[in-house]
Amino acid sequence: MRILIAHNFYQQGGGEDNIFATEVDMLESYGHYVKRFTVNNNEIEKTHPLSLAKNTVWNNKIYKELRSIIRDEKIQIAHFHNTFPLFSPSSYYAAKAEGIPVVQTLHNYRLLCPNALFFREGRVCEDCLGSRLKLPSIIHGCYRGDRIATSAVATMVGVHSLIGTWANAVDIFIAYSQFTIDKLVQGGIPSKKIEFKTNFLYPVPEIGQGKGKYALFVGRLSPEKGTNTLLTAWKQLNNDIPLKIVGDGPSADDVARESEQMDGVEWLGKKSLAEVYELMGDAAFFVFCSEWYETFGRVAIESYAKGTPVVAAKIGAITELVDHKRTGMHFRAGDAEDLVKQVRWLLKHPQELAHMRVEARAKFDRNFTANKNYQRLMEIYESVMFQTAQK
């Protein structure tokens, strides 16, 4: 199969970028021809704001370039990850103009919410869910705190909702959780257009031993990731178990300052994937404390692959990934006291925690390997290719 996989890099090395690279590697390992087509958001700095706003809605240069690539490379199916903002939905129409099916993996809620997170001012916000014009987002400047920039995003979403892009130019949307599917349908995406497929790891890291006697957080340091809740909880835990924090982001200075003032809390900054895996394998458990509607939580299955249980906020898709008292623990999102309660339960039940390590890796092997993912992805590809051929 000859596949175009396209991705607008948001932040080099971020979660979506890793998923894109992993999927390409997996498909190539199974003998498929994969044409990568990428742009980097660093190009935004070189683009006039008015041109950027126009290209967000329709990028004619990308449209022409993609049509040429599809013809020259004899592409049979186009699979997009992130198209915002430089690709624009014109990329879908380029593929359709060349007669090939379009698949779009959804890593966030951009089609329903201009800031893509359903999160504003430290809390979940669904004000724009089901609204075609997305006026609340413009009023609040939800995209990068800028009303003008938010207006451009809202215009893109509104225009393409109005002309039926999501319903007609995309054959299938891939979502990583039932929670995400429910939100998409609630926001107006036809349910028949959405397929469920889990995320995966490739290659698979070796299982760890959990001998480090510390808890671990890995992720973007920002309010929606729950870093305030995490630090508040560890103040209350009073050094019951050390905490290591890996990551960077807008809250990094606050995390660095807080960790310096707390016994048993260490901020390690950014680490390579190999270093993260080593830390995960040695951790007693992993803490996933996001307060927005995560669409999956890839870091959770990385933890499972290392045999490390996950203590997770009960919100969004992560709720589906963690089985309470089997592969980890749930706590109420944003509730530091409940997080403390669940951590202390684990510390008082070492045998149960040891059993969770076995269950975590077993769940990974059942659901999140490349082979399982490849089989499901091929089902989706073959289905949309057959449907396109019948038209």
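The table for this structure:
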item	result
Whole-number Å³ per residue for the convex hull built on Cα positions in the stretch 215-367	91 Å³
Cα Rg over Rh - the stretch 2-102, Kirkwood	0.97
Calculated diffusion of the stretch 122-232, Stokes-Einstein form, Kirkwood radius summed over Cα pairs, 10 °C and 1.306 mPa s, µm²/s	91 µm²/s
Inter-centroid distance (Cα atoms) of the stretch 323-347 relative to the stretch 218-269, Å	17 Å
Relative contact order for the stretch 209-350, counting Cα pairs under 8 Å that sit 6 or more residues apart, in percent	25 percent
Global geometry of the stretch 308-391, whether rounded, prolate or oblate, following the gyration tensor of its Cα atoms and the 1.5 cut on a/c	oblate
Cleavage-rule hits, GluC sites (Glu not before Pro), the stretch 1-77, DSSP coil, Cβ neighbours within 10 Å at most 16	E73
Along principal axes, Cα extents of the stretch 216-278, largest first, whole Å	30, 24, 17
Kirkwood estimate for the chain, i.e. one over the average of 1/r between Cα atoms, Å	21.8 Å
Ranked list, fewest to most other Cβ atoms within 10 Å of each Cβ, for T308, T229	T229, T308
Lys, Arg +1 and Asp, Glu -1 on Cβ, resulting dipole of the stretch 347-391 about Cα centre, debye, nearest 20	120 debye
C-alpha long axis of helix 336-348 to longest principal axis of the chain, angle in °	60 degrees
Degrees separating the helix 370-390 axis from the principal Cα axis of the chain, which is the longest one	20 degrees
Share antiparallel - DSSP beta bridges, the chain, percent rounded to 5	5 percent
Share, in percent, of DSSP beta bridges within the stretch 1-141 that are antiparallel, nearest 5	10 percent
Under 13 Å from the Cα of K341 - aspartates and glutamates, other chains or at least 8 residues apart	D240
Angle in degrees between helix 227-237 and the longest Cα principal axis of the chain, rounded to the nearest 10	10 degrees
The chain, helix-only ellipticity at 222 nm - DSSP H runs n ≥ 4, -39,500 (n - 2.57), divided by all residues, nearest 500	-13500 deg cm²/dmol
Mean separation of Cα contacts under 8 Å (6+ apart) over length of the chain, as relative contact order %	14 percent
DSSP-loop chymotrypsin sites (Phe, Trp or Tyr not before Pro) across the stretch 1-96, with at most 14 other Cβ within 10 angstrom	Y30
Per residue, the convex hull volume that the Cα atoms of the stretch 68-175 enclose (Å³)	99 Å³
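Read-outs: derived from the displayed coordinates by stated rules, not from any lab. Predicted model, so just to flag it, every value in this text is computed and none were measured. Positions of Cβ are backbone-derived with ideal geometry, glycine not excepted, and every protein chain shown enters the neighbour counts.
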